[in-house]
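One structure below.
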Amino acid sequence: MIQLFLLNPDFRDHKYPPSGQTYYCPSSAWLEGILHYYPSLRNEMQVIYVDFPRPG
């Protein structure tokens, strides 16, 4: 089965001011839109959501 990795929406970057501000990945949001528009695609793959860890 195909695996698609997307960033979790509304992630926070506590090392970048202002702390606590939420962000999103435009590419992940675009792909979510495609999957919503074509729900049959979601049945053909495993969508895995991952956190956004900021490098140290």
Exercise. How much length is gained if the chain between Glu44 and Phe11 is pulled fully straight, taking 0.36 nm per residue apart and subtracting their Cα-Cα distance, in nm to one decimal?
Worked result: 9.2 nm
Seminar exercise, completed: Bounding extents of the chain in its principal axis frame from Cα atoms, largest first in Å, are 40, 21, 12
Exercise. Roughly how tilted is helix 26-37, in degrees to the nearest 10 and between 0 and 90, from the longest Cα axis of the chain?
Worked result: 30 degrees
Exercise. So for the chain: antiparallel DSSP bridges make up what percent, rounded to the nearest 5?
Worked result: 25 percent
Exercise. Whose amide H sits under 5 Å from the amide H of Val47, counting only residues 5 or more places off or on another chain, with H placed in the peptide plane?
Worked result: Leu4
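Read-outs throughout are calculated quantities, based only on the coordinates presented, and are distinct from any laboratory measurement. Bear in mind that the values here come from a model prediction, so they are computed numbers and not experimental data.
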